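Before any comments, here is the structure.
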Amino acid sequence: MSLGDLQHMTMLAVARLGPKAYGAAIRDELRVVGGRSVTVPTIYVTLVRLEEHGLVESGEGRTDGGRPGRPRRVFRLTREGWEALEAARGEISRMWEGVARP
């Protein structure tokens, strides 16, 4: 599967956040590190699609004690997700080889 830009960036945010990869944290990571402004619903649509393709999986996160309500839905990359990210990195690197700014 070839990754789209938002899928790629979302997966990288999940990888960067580790066990803290839930909707709002992913949104913040995309905004602060990636310079992308994306809504939480858009992120969840992207994550559901990635999960359908077996690239991420989700589960209940641990509650942080003082936070009311149900536990957060936390995401992590699967083995296939890591392989897809590594393949995308290789594709981009190969495309940059030999590029010279005029």
Exercise for the section: Scan the stretch 82-102 residue by residue and report those that are more than 24 Å from Leu55 (Cα to Cα) and either in contact (Cβ under 8 Å) with a residue 60 or more places away in the chain or among the hydrophobic types (A, V, I, L, M, F, W, C) (or both). Expected result: Trp96, Val99, Ala100
Handout entry: Test for Arg70: is it at negative phi, charged (D, E, K, R) and at pLDDT 90 or above
Key = no
Exercise for the section: Go through the stretch 7-18 and count every residue that is within 16 Å of Ala87 (Cα to Cα) and in contact (Cβ under 8 Å) with a residue 40 or more places away in the chain. Expected result: 6
Fill in the blank from the handout: By residue number, the members of the stretch 26-45 that are of a type outside the set (Ser, Thr, Tyr), touching a residue at least 12 places away in the same chain (Cβ under 8 Å) and part of a helix (DSSP H, G or I) are Ile26, Arg27, Glu29, Leu30, Val40, Ile43
Practice task
Sort out which residues of the stretch 39-62 are open to solvent by less than 20 Å² (accessible area, probe 1.4 Å) and either touching a Leu at 6+ places or on another chain (Cβ under 8 Å) or over 21 Å from Glu80 (Cα atoms) (or both), and write them in order of number.
Solution key: Ile43, Thr46, Leu55, Val56, Gly61
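The values are calculated or read from the model by the stated rules, or taken from the named source; none is laboratory data. Small disclaimer: the values here were computed from a predicted structure and weren't measured. Heads up, the Cβs are rebuilt from the backbone with ideal geometry, glycines too, and the neighbour counts pull from every protein chain shown. To get the accessible areas, we keep the full protein, side chains included, count just its heavy atoms, and leave off ligands, DNA and RNA. Shrake-Rupley method; radii C 1.70, N 1.55, O 1.52, S 1.80 Å.
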